[in-house]
Amino acid sequence: MSALQLVDNCSAQRYCTAENQALAYGNQFIVQWNNMYPPLNTESGVTVSVYSSYDLNNPVFTRTNVPNLNGSYALTPQPAWFSRYNGSNNEDGRNQQIYLAVYLQGNDPPAANTMLPLQLTATPEQYANILNIL
């Protein structure tokens, strides 16, 4: 499990994980948010979603009822996370933009400009295998 770089002061913002961190395919990463940031501080469970930059309305991953107590969740990039990319992405699977959203159960996800931008990456060999799976 890999820890991602954190921001210097998490108390004043929604996400503690720094922006544009790379999540390598097949590895597990801990993402962190500020569970005391309003309105997240009002619920014991939250929804964690990942969105492709090509479709900010339909998540490629969603987990509901995530305990909000520690403000963290382990993500492991899956082949389906790459599935919404089209021919304009990098041919070798590196540095594809995704967005993380943590929000209250039953609510709509936050606006795209408040989501955490991250980078999804795979080696050329992994990316070729991913394309064969899709």
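The values are calculated or read from the model by the stated rules, or taken from the named source; none is laboratory data. For clarity, every value in this text was computed on a predicted model and none was experimentally measured. Positions of Cβ are backbone-derived with ideal geometry, glycine not excepted, and every protein chain shown enters the neighbour counts. For accessibility, only protein heavy atoms count, side chains too; no ligands or nucleic acids. Shrake-Rupley method; radii C 1.70, N 1.55, O 1.52, S 1.80 Å.
Things worth noting here:
- Scanning the stretch 6-14 turns up no residue that is under 14 Å from the mean Cα position of the chain (by Cα) and without any contact (Cβ under 8 Å) to a residue 60 or more places away in the chain.
- Filter result (under 18 Å from Ile133 (Cβ atoms) and in contact with a Lys or Arg (Cβ under 8 Å, 6 or more places away or on another chain)) within the stretch 50-80: Ser52, Val60
- Scanning the stretch 36-88 for residues that are modelled with pLDDT of 90 or more, hydrophobic (A, V, I, L, M, F, W, C) and touching a Leu at 6+ places or on another chain (Cβ under 9 Å) yields Leu40, Val46, Val48, Val50, Phe61, Leu75.
- Members of the stretch 97-125 that are touching a Gly at 6+ places or on another chain (Cβ under 9 Å), within 14 Å of Ser49 (Cβ to Cβ) and open to solvent by 30 Å² or more (accessible area, probe 1.4 Å): Gln105
- Residues in the stretch 99-122 that are in contact with a Phe, Trp or Tyr (Cβ under 8 Å, 6 or more places away or on another chain) and either at pLDDT 90 or above or assigned to a loop (DSSP other than H, G, I, E, B) (or both): Tyr99, Leu100, Ala101, Val102, Pro109, Pro110, Met115, Leu116, Pro117, Leu118, Ala122.
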